[in-house]
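Provided herewith is a single structure, encoded as structure tokens, for subsequent inquiry.
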Amino acid sequence: MSTARRKTIITPRILRRSEIATYLNHSETWFSTQRERLEALGFPRFISTLDGYDKAAVDHWLDRMSGLIAESEATGFSADAWSKAAQHGEL
């Protein structure tokens, strides 16, 4: 009796420019022309050593931009906590 091997499907975490453009539902041309503006808004930068973009970082950025997570959750920075620490001379 032969045992069939299950094919392992691995979803890549690092995506090329064209794949990120498609992931964002835009053309590669659009992404190329908008990349600097997106990066100014905190969009993850291209990782040259891996020749692509980190999909998890892009997802995190999208979550922040859409309001799914608060900025303080995304960065660990809380304006209230910082303000209180500053008032008490803890900074």
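Give segment 31-51 a look and list any residue that's aromatic (Phe, Trp, Tyr) and under 15 Å from residue 61 (Cα atoms), or say none.
Once the filter is applied, which keeps residues that are aromatic (Phe, Trp, Tyr) and under 15 Å from residue 61 (Cα atoms), segment 31-51 yields 43, 46.
So, one more: For segment 1-33, enumerate the residues that are surrounded by fewer than 15 Cβ atoms within 10 Å (Cβ to Cβ) and part of a helix (DSSP H, G or I).
Within segment 1-33, 18, 22, 28, 29, 30, 32, 33 qualify.
Of all residues in segment 46-58, which are surrounded by fewer than 12 Cβ atoms within 10 Å (Cβ to Cβ) and either without any contact (Cβ under 8 Å) to a residue 24 or more places away in the chain or aromatic (Phe, Trp, Tyr) (or both)?
The answer is 48, 49.
Still on this model: Taking the criterion of being modelled with pLDDT of 95 or more, over 18 Å from the mean Cα position of the chain (by Cα), assigned to a helix (DSSP H, G or I) and not basic (Lys, Arg), would at least one residue in segment 64-83 satisfy it?
No.
The values are calculated or read from the model by the stated rules, or taken from the named source; none is laboratory data. This structure is a prediction, so every number in the text was calculated from the model and none was measured. With ideal geometry, Cβ positions are generated from the backbone for all residues, glycine too; neighbour counts draw on all protein chains shown.
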